[in-house]
Amino acid sequence: MSVQVGVLLPTREAVMAGRVEAAPLLALASQIEAAGFDSVWVGDSLIARPRFEPLTLMAAAAAITRRVRLGTAVLLPALRHPLLLAHAVASLDRIAEGRVVLGVGVASDNPPVRREFEAAGVPFGERVGRLVQGLALCRRLWSVRGPDERVSFASKYWTLDGVQVLPTPHRPGGPPIWMGGNAPGALRRAGETADGWFPNSATADVFAEGWRQVQAHARQAGRADAVTAAIYLTLCLDDDRARAEDTMRRFIEGYYAQPYEAMAARQGCHAGPAEGAAAWIEGFVRAGARHVVLRFAGADQADQLARAAALLPRLRAAA
């Protein structure tokens with residue numbers, strides 16, 4: 001299959017800049033589709049890194065686009081009761097007519113994220129169990145076959161007796177779930193239960209090793225070839241490499257309030273001319289990535305979008 005390429009909407013950046021109107025974000029979603037990209041993505045956070053609520057914004061984007069897939073990069077299911085999450089995602093997938101991809105993760109372990117979970121009333125130490133069991137419940141709710149079928153579910157965190165969520169999603173069983181993360185547990189969960197693996201690996205070599213492990217877990221679970229490999233990358237495209245690197249540094253440090261070197265050691269980041277960026281992304285494609293999601297560093301999203309769009313034919317042919 002050819003490589004698909006998507007773009008992350010700058011919902012966090014809009015809040016950081018104090019320009020919180022929704023219209024520019026929705027206009028950018030339309031521009032991403034018009035430029036020929038394959039998908040539009042939205043991040044998630046309550047208070048650790050404030051931004052637009054992702055499922056709400058995705059519903060608005062679904063209403064003004066027709067072709068692109070719409071995904072979360074990534075959603076934190078543990079912050080939400082699975083009955084409410086299943087209901088919201090089912091309605092979103094109906095609005096989008098089956099174009100939703102649910103990228104999910106357990107969240108990084110740092111003080112702001114811990115405070116976020118505490119504020120939401122969710123014990124941070126339960127986030128993995130709540131992710132796994134919550135998604136299992138969502139899938140059960142999404143798979144009911146008619147108005148007379150009910151779901152009963154008992155787990156450590158929730159007990160439901162004879163409930164249903166209607167309407168169910170556009171696609172039987174609900175949207176594909178892509179598991180984020182590079183940690184061993186995330187690799188195992190992606191291989192054993194998910195439809196896709198969606199990390200932000202720092203290098204193509206790290207991605208290749210993680211993908212090998214995901215595939216091994218999938219084979220052991222009897223799910224060979226059931227998982228799609230995707231990658232989340234941050235770009236700053238500029239013919240002036242020094243200027244691009246300075247922009248990237250300021251973006252990453254402002255976004256995460258951590259040193260650039262520390263974040264770049266964990267996340268895929270590239271700054272410089274488009275030719276070098278294309279070659280860098282091709283390394284991830286050779287390692288197995290079949291869907292590339294781009295986050296642009298810097299305020300001029302239109303310029304970055306145009307530069308990246310020129311790379312689409314090359315990237316799609318790289319597989």
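A few points about this structure:
- Being exposed (fewer than 15 other Cβ atoms within 10 Å of the Cβ) and under 18 Å from ALA96 (Cβ atoms) holds for only one residue in ALA63, ALA17, ALA59, ALA29, and it is ALA63.
- Among residues of the stretch 86-127, those that are within 18 Å of the chain's Cα centre (by Cα) and buried (at least 16 other Cβ atoms within 10 Å of the Cβ), counted: 18
- Number of residues in the stretch 255-280 that are in contact with a Lys or Arg (Cβ under 9 Å, 6 or more places away or on another chain), crowded, with 20+ Cβ neighbours inside 10 Å and not in a strand (DSSP E or B) equals 1.
- Filter pass, ARG171 being assigned to a loop (DSSP other than H, G, I, E, B), within 21 Å of the chain's Cα centre (by Cα) and under 26 Å from VAL89 (Cα atoms): yes
- Every pair of residues 6+ apart whose Cβ atoms lie under 8 Å, when the first sits in the stretch 71-93 and is over 12 Å from LEU166 (Cα atoms) and without any contact (Cβ under 8 Å) to a residue 60 or more places away in the chain while the second is surrounded by fewer than 24 Cβ atoms within 10 Å (Cβ to Cβ) and polar (S, T, N, Q): LEU76/SER45
- Scanning the stretch 235-270 for residues that are under 24 Å from ALA310 (Cα atoms) and among the aliphatic types (A, V, I, L, M) gives LEU235, LEU237, ALA242, ALA244, MET248.
- Candidates SER108, SER152, filtered to the one that is over 17 Å from TRP41 (Cα atoms), touching a strand residue (DSSP E or B) at 6+ places or on another chain (Cβ under 7 Å) and free of Cβ contacts under 8 Å to residues at least 12 places away in the same chain: SER152
- Qualifying residue in the stretch 224-238 (condition: surrounded by fewer than 16 Cβ atoms within 10 Å (Cβ to Cβ), of a type in the set (Asp, Glu) and more than 17 Å from the chain's Cα centre (by Cα)): yes
- Of all positions in the stretch 52-64, none carries a residue that is touching a residue at least 40 places away in the same chain (Cβ under 8 Å), among the acidic types (Asp, Glu) and either in a loop (DSSP other than H, G, I, E, B) or within 23 Å of GLN164 (Cα to Cα) (or both).
- Positions within the stretch 185-232 being more than 21 Å from VAL74 (Cα to Cα), among the basic types (Lys, Arg) and part of a helix (DSSP H, G or I), in sequence order: ARG212, ARG219
- Which listed residue is at pLDDT 95 or above, out of contact with any Asp or Glu (no Cβ under 6 Å at 6 or more places or on another chain) and over 20 Å from TYR232 (Cβ atoms), from LEU102, LEU141, LEU135, LEU131: LEU141
The values are calculated or read from the model by the stated rules, or taken from the named source; none is laboratory data. For clarity, every value in this text was computed on a predicted model and none was experimentally measured. All Cβ positions, even for glycine, are placed from backbone atoms using ideal geometry, and neighbour counts span all protein chains on display.
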